[in-house]
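All of the numbers you see were taken from the coordinates with simple rules; none came from a lab. This is a predicted model, so every value here is computed, not measured. Cβ placement follows ideal geometry from the backbone for every residue including glycine, while neighbour counts extend to all protein chains displayed.
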Amino acid sequence: MLARTSLVSTLLLASLTAGCSWGRFSDILENGPVVFLEKPANLQSGFGPVMQAGTQDGASRLIVGGEHGTSQAAIYSIGKGETPNVVASRSDFCSNKATSKGTDWCFLAPQVAYLPKTTISTQNDEVGTGCIAVGISRAPTEENGVFFECENGSSFGRPVSNYGEYNEDVDNALKTGQDEPIAIATDGSEDPPVLVGAPTNDLAWYYEPSSNVPIDLLLPVDDEDLPKGFGTAVQALRIADSSWLFAVSAQGNDGELHLYRADGARPRYLGCLGGTPDFARKMTSGLVPGPDTPDIGDSIPDLVVSDRAQVYVFDGAKLADLPPVPTGERGYTCTLAALPENTLITSFGCGSTPATSECSSSDFGAALALGDIDGDGDNEVIVGAPAMTVRGEHGAGAILTYDVDTIGDHELKDVRSFAQGEGGDALGGSVSAVSIGDRDVIVGGAIRSGLVGLFYCSDMVPGPKRGKRCE
Amino acid sequence: MAVIALFLPALLMVSRAPAGPAQSSAQRLEAIRQRMEQGQGLYVGKNYQGAAQIFEDGYATYPYSAFLFNAGVCYQKLEKYEAALMKFRDYLRVDPNAPDAPKVNERIAALEAALARARAEEAGVPEAGVDLDAGAAVVTTDGGMLDDAGAPPDAGPPPAMVTDDADAMKSLVVVETEPPGAPLKLYQRLSDAAAAFVVGGENKDWKEVSAATSPTNFTLAIGRYHVVVEKFRDFNVSHTDIDVQPGHVHQFKANLSQGEFMAFLRIAANVQGGYLYLDDKDKQRPAWGNTPHGELVPAGKHDVLIEAPGFQPFRSTVDVKHGEQKELEVALTRLNYGIVRFRSNTDVSIKVDGAPKGDFRIGGAPLEFQAPAGPHKIEVESVGRKDFEGTIDVPRGQVLPLHVTMIQKYPRTGAWVQAVVGTALIGGATVAGIYSNKAYESLEKDRQAGTLTDEDSRAVAGRWLAVGSNVGFVGGTVLIGLATYNFIKDPLPESSSQIEKPVEFDDPLKARPTARLAPKLPPRERIAERAAPGTGVHLKPAPVGVGLGLEGRF
């Protein structure tokens, strides 16, 4: 009898123990600090290399695509709070379409842009909301050109620049299915201008808000050849109403950053920044020091560029105030030396931490983004280093966040990585930031593993804003 | 050829040589003595019916008149007067010259009178010729009047009934001489104060009660007698006192050439069949006899050695005088050790009080070992069988048959398998649990660091390890529990012992039974076999009793 009772008690205790020990693993993953977006099944060519954030009616949007030229793109409505919507609301942007005449190709751009709202002039001024400039394609009723697909189902195209008969090249690419990569940017406003770079033809142009007319960005001498790879990356900064600072990167030779100020349809060349290899290979813009930051705080976005080793934060207002190069003046020199004082707010390189190492070969700056991670009102600079060694895993990648408060000052505030990062993940190959309400969270793409994660926790986040995912 | 042997009864029998089973003289007398003493013992113990039966059986085998008289006394004690009368009348018929014949007649008369009275009382009327007021009357056993052959009607009252006491039993006294055939006379002492008998003397207070020729026997009551063997051939007179005890057998033998009666030595012991050696300390000769044993021995000192298996040897010296009847009662003491005769149902090893005693092999002879008398601890072991432990009480001077039944051990193979598997499961479960905990700790650490993803494979592994650990613990616990139960469970009984009643030591002097051999024919018979068949008659000693037989061959 005693033996039987003891046996039953042991079994019950073991069962209870079993129940407890299983559950804790689910509990610990629940509301974890890093949440992966679900990759749509139709995205077969990678997931994450193309990434762009936007805001629609105060709600964050995140565009994620696979390899440019072959993949489609998906859009996610992340939502506010700590329960993100990890399922794409739509994942067929930039799909090839089969027609009676063949295939209508769509080449996803390496750099896409989000337009919260725009007027489609070719469709009776229909207003497109939540439109993505996805790349080069043939619109159903328009000419070949930059293809826009909107969340509300609208789609339209804007003709590409015809400089150098680029339009014919695009036509041929669309007929043969050959990729024609472009870089697209807006200034983040609700009905923004669209800046496009076509590095294969060394072209860049822009469309004024809701306009179909491409306006080329050229050198002061019309016939002067634009630098090789002109248009590899583009960035648009809003200076004032209908006044923008356009930054066009040329990566054909050493990295060059050509600046233009456009007031309406009249762009003026401001000059070239450079001097380091691959200067301006990646760019982003936004308010880095807050508006109230002494000496540098204003409401004009700042320009953040990277090269192979460093990230540079330029005062956008001061860049916009650069005197235009007189028309007809041939030649240019890409340098930072001629910049007015304090135009370069700060620059910084990679920083090692106990978990990360091998900064020099980390591909620091392969991706850039700005986000208010700590919710203090100004943005921190988010830098991707996809080749960084993390916990001994070569090429696992990491995302480094820097805070810039004063001229010449910067501080590495946080380093994010995957807990089980494997060598070759290349986390940081793409970065972005989306708002969850009172702060932004970092979005990082491990572009070789096809993973895109939302990093809800950071050492920068103050206690009251940490939330349950950071407990 | 057929041999027909006709054995006719002997034509000449010694009148007082009763027919009995073929025995030596000493053995025969010893057998008679045992019956007589047995009956005496029952009589003294007032088991008159038992004593009577012993005496009746004794007479049937050894027709000595003493048995008849003693049986009659027993019946008289039982008031079975008719039976008593019959015995006393038979006594007088068998031994008409008995020295106490007159007294026996008186006893008979008293019994007859008592019987008549009893019958008259039953009937309620006086019998014819019976004057009840006249006291006892002489009445025949058939209830009729006594005729002139009996006591005259006016002979007076019949004699009073004899009241028999413990000494009422008569004894058999055998008198022999060497050589036989000598005349002898028997005298009875009439008074305890009588002087010693003197041959040829006046011998007042001595009365001659019988005269006979040796060998002879008398039925005598308790008392002192004197037997005189008269001059015979060239032999002088031999005489000796005889002290008769009730219910005994006394044997006297005179060696006429020495002119002295031999002494009679009887040795009895508390062990029947013990080996007696007289004047043979080294046992160079066959045993003198087996207890109880009595024989005529020369007067003088004699060394006595008594041996019996299981008993310590007894040595003593006895001194007997001429004609003395000496009885020696010996209490043999058992040996201070015993023998254990061990058997089992399988091959075993035995230890007694921790000391190995040997092995027993099934199919072989029992294992016998010696042990001091008293309790001992015995341990028996056998491969694959349950050990036996017990206590045996080794008797003194006896063999203790001991059988130990060894029961097979309940197979524990299943229990061992369960225990091993259960232990392995618990061990594996422990390891899995450790790794599960490590995985959880690692996950917790990464969660704290803000790097834990919601698809961390360590959670899956940790969860499965936790499952495996719990399953292992449950399964292992169940198996361990089952193993424990199966180790404890034992439906088979324990090995046990069966101790039989102690038996006496084997007697090495007793011949082992052999196959019956064909009787060896005497030489003349073998010659007769070879001869042609024919007829012939010749004399042959009778195989039983005394007598001659005629044998014819056809």
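See the values below:
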item: Cleavage-rule hits, trypsin sites (Lys or Arg not before Pro), the stretch A:322-426, DSSP coil, Cβ neighbours within 10 Å at most 12; result: A:R330
item: Compactness index (Cα Rg / 2.2 N^0.38 Å), the protein assembly as shown; result: 2.34
item: Angle between chain A longest axis and helix A:166-176 axis [Cα atoms, degrees, rounded to 10]; result: 50
item: Charge context of A:V64, other residues only, Cβ under 14 angstrom, K/R +1, D/E -1; result: 0
item: Cβ-defined net charge surrounding B:F261, 11 Å radius [Lys, Arg +1; Asp, Glu -1]; result: -3
item: Folded to 0 to 90 degrees: helix A:2-29 orientation relative to chain A principal axis, Cα; result: 10
item: The stretch B:200-279 and the stretch A:361-424: distance between their alpha carbon centers, rounded to Å; result: 145
item: Translational diffusion of the stretch B:246-303, µm² s⁻¹ [Kirkwood Rh, Cα pairs; Stokes-Einstein; 20 °C; 1.002 mPa s]; result: 169
item: Local net charge near A:S45, Cβ-Cβ under 13 Å (Lys/Arg +1, Asp/Glu -1); result: 0
item: Kirkwood hydrodynamic radius of the stretch A:424-471, from inverse mean 1/r over distinct Cα pairs, in Å; result: 11.5
item: For chain A, calculated [θ]222 nm from helices alone, where every DSSP H run of n ≥ 4 adds -39500 (n - 2.57); result: -3000 deg cm²/dmol
item: Rounded D (µm²/s) - chain A, Kirkwood Rh over Cα pairs, Stokes-Einstein at 37 °C, 0.692 mPa s; result: 143
item: Distance violations [Cα-Cα > 26 Å] among B:K46/B:K80; B:K77/B:K253; B:K46/B:K253; result: B:K77/B:K253; B:K46/B:K253
item: Radius, Kirkwood style, for the stretch B:406-448 when every pair of distinct Cα atoms is counted (Å); result: 13.1
item: Within straight-line cross-link reach of A:K175, aspartates and glutamates at Cα separation under 12 Å, skipping those fewer than 8 residues along the same chain; result: A:D104
item: All-pairs alpha carbon distance profile, the stretch B:31-90, 10 Å steps from 0, percent; result: 29, 58, 12
item: Rg(Cα) / (2.2 N^0.38 Å) computed for the stretch B:365-435, rounded to two decimals; result: 2.04
item: Candidate lysines for bridging to B:K377, where Cα separation is under 21 Å - those fewer than 8 sequence places away on the same chain excluded; result: B:K351, B:K357, B:K386, B:K501
item: Hz values of 3J(HN,Hα) by residue in the stretch B:486-495 - Karplus curve (6.51, -1.76, 1.60), Gly and Pro given as x; result: 6, 6, 7, 4, 8, x, 7, x, 6, 4
item: For residues of A:453-463, the mean tally of beta carbons on other chains within 10 Å; result: 2
item: Rounded Å value of the spacing that divides the Cα centres of the stretch A:180-222 and the stretch B:424-494; result: 62
item: Nonlocal amide H pairs with B:R385, under 5 Å, H built at 1.01 Å; result: B:K409
item: Aspartates and glutamates with Cα under 18 Å of B:K489, excluding same-chain neighbours fewer than 8 positions away; result: B:D387
item: Exercise: per-residue mean of other protein chain Cβ atoms within 10 Å, B:474-486; result: 3
item: Qualifying trypsin sites (Lys or Arg not before Pro) for the stretch B:16-116 [loop in DSSP, other Cβ within 10 Å: at most 16]; result: B:R16, B:K46
